[in-house]
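**Student:** This structure is in structure tokens; I'll ask about it shortly.
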Amino acid sequence: MAFLPSWVCVLVGSFSFSLAGDLNFSHLYPPLWKESPGQFSDYTVENGIYIIDPWVFPERLGMYKILLNQTATYFEKFASENEQNLLWGLPVQHGWQYSSGRLADPSRRTDCGYESNHLCISVDSWWADLNYFLCVLPFLAAVDSGILGISSDQVRLLPPPMDQKRFCYDVSGCLLSFPKAMNKWSDFYKYVLSPSSTFDDLLKYLWDAHIFTLTNTLNTFEDRYVYYSEQEVKFEKDWSVAVEYIGVARIPTTLIRVHESQKGLPPRILNKTDEDPEISDFTALQNTVLMGLNVLSSVHKLTGKNFKRILHKNQDNVEQSLVS
């Protein structure tokens, strides 16, 4: 299995980018970032409670925007313009989901996410459902931590049109239904607030929360696979495995780095005729990344958690050598 590290390098390499050059960061933001809410007062208020509809793309994106805005001061010691804020990975990834059509209704029973209703996020979308927890849990944990400047009972999310019991909608409900994941995100924010926080430790806490949230919600939405082609389902599974390895490697989820990595991801939903590495309307990089994800997932199945443990051990050894 000597070939495996080379594929890991391809995937990790897609997350690598030089910070040299004078870039206008606004061009790197997710679609509709400027138009999305950036403060709580931009949302509807009912009886002193902010009402957010996370099934509308700008409103869900706005939750990320508030997170980025309110935590900016804690990351300014690492770089200017909030570029090194580790929370950028979440909205930038969500922006790719939107632009690639992955938030639309895959069953096509409704117009949700399509031209006439393009801002709608479908509850039948596998991508949208997993992203819900990678948006709502970090957001509500931030509310609960006090870092967003409002009390825990001042925000409520609207439910989807179906499967309401699979989700949570406020701080108390999410703490009750997903206590361990909420605690992981709370640990991250506690360290964000710490004057002694370091970039590497922040990265560790972030990835711990991210991977825990992802792995503990994956099985909940396996019934969504029926709406997708075999190729897209395989990509969904391969991508979730790859995210775990990226997390173990603790790749920084900063704005420029994550934006550049998106160039290797499929620009549309895969259909039954797509066969990598020769998908004609994909770039060479996109075909290569798809094939790399496939290889990584296959080896993961063969080795179980052994290879991931090796990566984790190597990462810990690197950190210890830097400290000593």
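The values are calculated or read from the model by the stated rules, or taken from the named source; none is laboratory data. It should be emphasised that the depicted structure is a prediction, and the values quoted were computed from it without experimental measurement. Every residue, glycine as well, gets a Cβ built from its backbone with ideal geometry; the counts of neighbours run over all protein chains shown.
**Student:** Please specify each residue of the stretch 244-269 satisfying the condition of being β-branched (V, I, T), part of a helix (DSSP H, G or I) and touching a helix residue (DSSP H, G or I) at 6+ places or on another chain (Cβ under 6 Å).
**Tutor:** Of everything in the stretch 244-269, those that are β-branched (V, I, T), part of a helix (DSSP H, G or I) and touching a helix residue (DSSP H, G or I) at 6+ places or on another chain (Cβ under 6 Å) turn out to be V248, V258.
**Student:** Now for a different question. Does T220 satisfy being under 20 Å from the mean Cα position of the chain (by Cα), closer than 29 Å to A72 by Cβ and of a type in the set (S, T, N, Q)?
**Tutor:** no
**Student:** Also, I was wondering about something else. Would you check if A181 is modelled with pLDDT of 95 or more, surrounded by 20 or more Cβ atoms within 10 Å (Cβ to Cβ), under 28 Å from F78 (Cβ atoms) and not basic (K, R)?
**Tutor:** The answer is yes for A181.
**Student:** Within the stretch 253-272, track down each residue that is more than 22 Å from A209 (Cα to Cα) and aliphatic (A, V, I, L, M).
**Tutor:** Correct list: L265, I269, L270.
**Student:** Tally up the residues in the stretch 228-242 that are farther than 13 Å from V289 by Cα, part of a helix (DSSP H, G or I) and not acidic (D, E), please.
**Tutor:** 6
Every residue, every condition in (1) of a type in the set (S, T, N, Q); (2) in contact with a strand residue (DSSP E or B) (Cβ under 8 Å, 6 or more places away or on another chain); (3) in a helix (DSSP H, G or I), yes or no:
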position	(1), (2), (3)
S197	yes, no, no
D201	no, no, yes
H210	no, no, yes
N219	yes, no, yes
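**Student:** Something else now. Can you name every residue in the stretch 119-176 that is closer than 18 Å to Q39 by Cα, surrounded by fewer than 16 Cβ atoms within 10 Å (Cβ to Cβ) and acidic (D, E)?
**Tutor:** Correct list: D153 only.
**Student:** When the residues of the stretch 60-104 are filtered to those that are part of a helix (DSSP H, G or I) and among the small types (G, A, S), which remaining residue is modelled with the lowest pLDDT? Spell out the reasoning first.
**Tutor:** Within the stretch 60-104, the first condition is being part of a helix (DSSP H, G or I), and the residues that meet it are 60-75, 80-82, 86-99.
In the following step, the residues that additionally are among the small types (G, A, S) were identified as 62, 72, 80, 89, 95, 99.
Working: G62: 98, A72: 97, S80: 87, G89: 97, G95: 98, S99: 98.
Looking at residues that are part of a helix (DSSP H, G or I) and among the small types (G, A, S), I get S80.
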